[in-house]
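Derivation of every value follows stated rules applied to the coordinates shown; laboratory data play no part. This one's a predicted model, so the numbers in the text were calculated from it and none came from an experiment. Cβ coordinates were reconstructed from backbone atoms using ideal geometry, including for glycine residues, and neighbour counts include every protein chain displayed.
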Amino acid sequence: MIQLVLSILFGAGLLFSLYVLARKGAKAEGGAQALIDARQALSALKNDLLPQEVVARIFARDDLDYVLSAAPDDVVRLFMQQRKRIALSWVDRVRSQLIRLKRFHLGRSRSYAHLRPKEEIALTMDFATLLFACRVLRILVFLRGPYAAPQMIGATVGIVEKICGVSEKSLAFLDATNAASFDGRSAGSVAGV
Amino acid sequence: MLPPLTAAQPAAWREYNEVSSGFESNQIGVRRASEEFRSRTLSKIPRLLDRLIYLASMRDYNTGLYYHDGLAAQFSADIACETLAACHRGVFRQLLLCPLQEIVDQLEGYIRSTSTTPADFISLWSGIEPYRVTVPVSTDPLAADLFFSNLKVALAIVEARQPSSPRVGAESDASPQPSPAR
């Protein structure tokens with residue numbers, strides 16, 4: 001009887017080990033996808049959505065002043081419609097890229113970057129604040145137009161940039177510069193051999 | 001600068017150096033071709049909008065590749081293509097970041113430089129929106145959208161300045177309610 005129980009326990013242990021191994025494999029694959037996702041989100045934010053000049057142009061007050069002074073009412077309405085649409089699209093895209101980055105940070109980043117618990121908590125708070133800010137910003141732009149909350153836009157861009165900095169640190173090992181230094185080390189070791 | 005190759009180096013390492021040096025010489029070629037193209041051709045075109053339309057016209061619609069016989073003869077077809085693509089991206093970026101007033105000025109200048117009447121031009125551009133093909137490949141959708149939107153509003157402003165003409169873009173898009181901005 002005791003032998004039977006031991007055999008069952010041993011079999012269960014083997015099955016559990018197999019399950020853990022299978023999960024590890026799936027994680028590695030999913031991890032690569034998470035890295036690609038995070039890298040793409042970071043690139044979209046840094047190159048397309050956050051540059052100061054792009055944000056300034058989307059929410060440019062001088063364009064509104066010009067249209068108000070130089071165009072009839074129907075053109076002003078057209079301008080406001082267009083800018084509102086683009087401002088909403090900007091907020092939506094920033095939010096969706098943030099969600100991609102958040103997924104990476106909550107799920108994978110601790111495997112790649114040694115963030116301290118304090119940093120992780122701060123990052124989680126930043127994500128929560130930003131996603132909430134994006135919701136509020138969307139409502140404000142939708143109800144009151146693209147010029148409703150210029151300070152909030154500035155503050156949002158500031159926090160997103162901060163998050164991008166942390167994300168970049170987490171993804172730094174993928175950079176070409178690191179790869180180059182790795183190549184340099186390999187070359188040196190080859191020469192040494 | 002890459003170190004000279006020696007016979008003692010492994011074949012893969014030599015191959016890597018050859019590829020790298022090919023890439024470097026290509027980059028140098030593109031830089032030289034860009035300088036030449038900017039000074040000889042682009043600088044002669046007065047407005048950014050004209051430059052954008054010119055550069056877009058050098059691109060094959062089907063392949064997205066750029067062709068320029070002069071540059072290809074002097075450098076190579078690949079370098080010519082890369083040079084034109086880089087210039088196209090640069091000009092688009094400059095135009096994207098222009099204030100609306102400047103875009104209106106550029107559009108008016110461009111209309112004056114064509115042989116069509118402003119009314120015909122505005123009707124065509126508002127109708128089939130040919131400016132949509134002037135955007136470089138792989139432009140961010142938001143940037144392209146902002147550019148199209150600016151041109152649409154600029155067209156409406158230019159149209160409003162024409163003596164007694166119906167405003168195509170503005171009337172189709174705007175509701176008759178009073179402006180919240182005023």
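Quick notes
- Residue A:5-residue A:32 FRET efficiency (beta carbon distance; Förster radius 41 Å; 0.05 resolution): 0.45
- Of the three principal axes defined by the Cα atoms of region A:22-173, the extents in descending order read 66, 28, 24 Å.
- Label-point separation, residue A:89 to residue B:129 (7 Å along Cα→Cβ), nm: 0.9 nm
- Region B:12-164 - convex hull of the alpha-carbon atoms, volume per residue in Å³: 134 Å³
- Here r is the Cβ-Cβ distance between residue A:47 and residue A:129 and R0 is 30 Å; the resulting FRET efficiency, rounded to 0.05, is 0.80.
- Look at the stretch B:140-149: the mean tally of other chain Cβ atoms within 10 Å of its residues' Cβ atoms is 5.
- A simple packing score, the average count of other Cβ atoms within 10 Å per residue, orders the peptides A:71-79, A:35-43, B:151-159, B:41-49 as B:151-159, A:71-79, A:35-43, B:41-49, with the highest score first.
- Cross-link table A:162/B:152; A:46/B:152; A:169/B:152; A:46/A:118, entries beyond 31 Å C-alpha to C-alpha: A:162/B:152; A:169/B:152
- With each label modelled as a point 7 angstrom along the Cα→C-beta vector, the residue B:116-residue A:161 pair spans 4.2 nm.
- Counting 0.36 nm for each residue step from residue B:76 to residue B:161 and taking away their Cα separation leaves a gain of 25.9 nm.
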